[in-house]
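One structure is given here, and the rest of the page talks about it.
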Amino acid sequence: MAAWLRRLAELGLELPEVARPVAAYVPARVHGGLVYVSGQLPMVRGEVSQRGRLGQAVSVEQGQEAARRATLNALAAASAVAPGGPEAIVGVLRVEGFVQCDPDFHEQPQVINGASHLLGTLFPEAGHVRLAVGCQSLPLDAAVEVAVTFILAPRT
């Protein structure tokens, strides 16, 4: 079992089923030694777990949890397409985080830390590059959307 899967289990977490796309795209695609994952919402059993706007009805802590949930969905999507399954995923290259928020909300980096901290625990060997931006709205009124680029083990 891959070290990151053991760490995931130690946290009491498991990979969910791959969330169905809400529009015309695929959840993830492999190119070269990378898995590019489309933006993932904090979906739980087909429903958005955290809706609304940061700076209004959604707290930073709730936003962080939404980012963690979206990241679990990204891991599931990447695992489903990675040649060799989840064992082939060895790291994280980039995280893109989008936070639905009020214009006066400026804590987007703290919200997306929910994703980065989870990924840093699962893949502690190297950091990742990241962006965290605020936006007016997100699909299905989700509080957060996360897209991740994962690194695959070299194929022999």
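The values are calculated or read from the model by the stated rules, or taken from the named source; none is laboratory data. This structure is a prediction, so every number in the text was calculated from the model and none was measured. Every residue, glycine as well, gets a Cβ built from its backbone with ideal geometry; the counts of neighbours run over all protein chains shown.
Show the residue pairs meeting these rules: Cβ distance below 7 Å; 6+ apart or different chains; first residue within region 135-148 and closer than 15 Å to Arg69 by Cβ; second residue outside any strand (DSSP E or B) and at pLDDT below 95.
Pro139/Val22; Leu140/Val22
Search region 73-99 for residues that are under 19 Å from Gln50 (Cα atoms) and pair each with any residue that is polar (S, T, N, Q) and assigned to a helix (DSSP H, G or I) when their beta-carbon atoms are under 8 Å apart and the residues are at least 6 apart or on different chains.
These pairs meet every condition: Gly97/Gln108; Val99/Gln108.
Is it fair to say Arg155 is more than 13 Å from Thr71 (Cα to Cα) and basic (Lys, Arg)?
Answer is yes for this residue.
When the residues of region 27-58 are filtered to those that are free of Cβ contacts under 8 Å to residues at least 40 places away in the same chain and surrounded by fewer than 16 Cβ atoms within 10 Å (Cβ to Cβ), which remaining residue is farthest from Val144 (Cα to Cα)?
Filtering region 27-58 for residues that are free of Cβ contacts under 8 Å to residues at least 40 places away in the same chain and surrounded by fewer than 16 Cβ atoms within 10 Å (Cβ to Cβ), the one farthest from Val144 (Cα to Cα) comes out as Gly32.
Yes/no per residue for (1) assigned to a strand (DSSP E or B); (2) exposed (fewer than 14 other Cβ atoms within 10 Å of the Cβ):
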| residue | (1), (2) |
| --- | --- |
| Val92 | yes, no |
| Val99 | yes, no |
| Pro103 | no, yes |
| Pro109 | no, no |
| Pro124 | no, yes |
| Arg130 | yes, no |
| Glu145 | yes, no |
| Val148 | yes, no |
| Pro154 | no, yes |
